[in-house]
Amino acid sequence: MSNSPQNPHDTHNPTRANDGPGSDRLHAPWRLRYLEELDRVEKADATKKAKPDTGCFIRDYWLTPEDDATNHVIERTDRGIIFLNRFPYANGHLLVALGESRTRLLDYSADERASLWALVDRATDLMERTLEPHGINVGLNQGRAAGAGVPQHVHVHLVPRWGGDVNFMTTVGEVRVIPSSLGAMYERYRSVLGV
């Protein structure tokens, strides 16, 4: 018998499921409700009239106010929207965008930029009242090289932060744990707005 540590990819390792390399499991039973909801929404969408498809989901959200609940749009003004990020860095991660698509912040007029920052102010206040975070990262990534996932539509991220909110799961497991569903977080924000 060898004293060397067991290879985690060894299919004879009794401490590991025999599903092959990269098959570690993270149980998240709450996701079943989310997946079932996605299926329900897709089936319902198939029976509805065609929705706008501009190639930019932010612009599509702007053009379909009737889908605000499905799209987790928390608040809408005459110029822009505040909504939940579907792929959050932390619970309650908000996005803020104007309705009109622009690739650069300075492509908006001064008045439009003022409207964008007024929406960021509203989102910050809403986040503070809803989640009471210890801090908030506020940022705008302009262009793909700067990290913009949607470079055709400038938007602002607001990520709530708490002391000690970075744990071993991200570092060791390369997994980000988001304990609240988007639907529950949407309802929490909306309840603070009183709607």
Within the bounds of segment 44-56, is there any residue that is touching a residue at least 12 places away in the same chain (Cβ under 8 Å), part of a helix (DSSP H, G or I) and among the hydrophobic types (A, V, I, L, M, F, W, C)?
no
Report every pair of residues separated by at least 6 positions or lying on different chains whose Cβ atoms are under 9 Å apart, first residue within segment 84-103 and at positive phi, second of a type in the set (Ser, Thr, Tyr) and in a loop (DSSP other than H, G, I, E, B).
Gly92/Ser180
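Given the residues Arg122, Arg102, which is the only one that is over 20 Å from Trp162 (Cβ atoms), touching a His at 6+ places or on another chain (Cβ under 8 Å) and surrounded by fewer than 20 Cβ atoms within 10 Å (Cβ to Cβ)?
Working: Arg122 fails: touching a His at 6+ places or on another chain (Cβ under 8 Å).
Matching residue, one of Arg122, Arg102: Arg102.
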Checked segment 111-142 for anything in contact with a helix residue (DSSP H, G or I) (Cβ under 9 Å, 6 or more places away or on another chain) and polar (S, T, N, Q); matches are Thr130, Gln142
Take segment 71-84 and flag every residue that is surrounded by 15 or more Cβ atoms within 10 Å (Cβ to Cβ) and not aliphatic (A, V, I, L, M).
Asn71, His72, Glu75, Arg76, Arg79, Gly80, Phe83
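Out of the residues in segment 146-158 that are among the hydrophobic types (A, V, I, L, M, F, W, C) and surrounded by 16 or more Cβ atoms within 10 Å (Cβ to Cβ), which is modelled with the lowest pLDDT? Before you say what the answer is, go through the steps one by one.
Taking segment 146-158 as the starting set, the residues that turn out to be among the hydrophobic types (A, V, I, L, M, F, W, C) are 146, 148, 150, 154, 156, 158.
Still in the list and also surrounded by 16 or more Cβ atoms within 10 Å (Cβ to Cβ): 148, 150, 154, 156, 158.
Working: Ala148: 88, Val150: 92, Val154: 96, Val156: 97, Leu158: 95.
Residue satisfying both the conditions and the ranking: Ala148.
Would segment 159-167 turn up any residue that is modelled with pLDDT of 90 or more, surrounded by fewer than 13 Cβ atoms within 10 Å (Cβ to Cβ), among the small types (Gly, Ala, Ser) and more than 28 Å from Glu37 (Cβ to Cβ)? Break it down stepwise before answering.
Here is the first cut: in segment 159-167, the residues modelled with pLDDT of 90 or more are 159-160.
Right, trim to surrounded by fewer than 13 Cβ atoms within 10 Å (Cβ to Cβ) and you get none.
No, segment 159-167 has no match at all.
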Which of (1) more than 20 Å from Gly183 (Cα to Cα); (2) part of a helix (DSSP H, G or I) does Ala148 not meet, given it meets every other one?
(2)
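The values are calculated or read from the model by the stated rules, or taken from the named source; none is laboratory data. A quick note: this is a predicted structure, and the numbers were derived from the prediction, not measured. Heads up, the Cβs are rebuilt from the backbone with ideal geometry, glycines too, and the neighbour counts pull from every protein chain shown.
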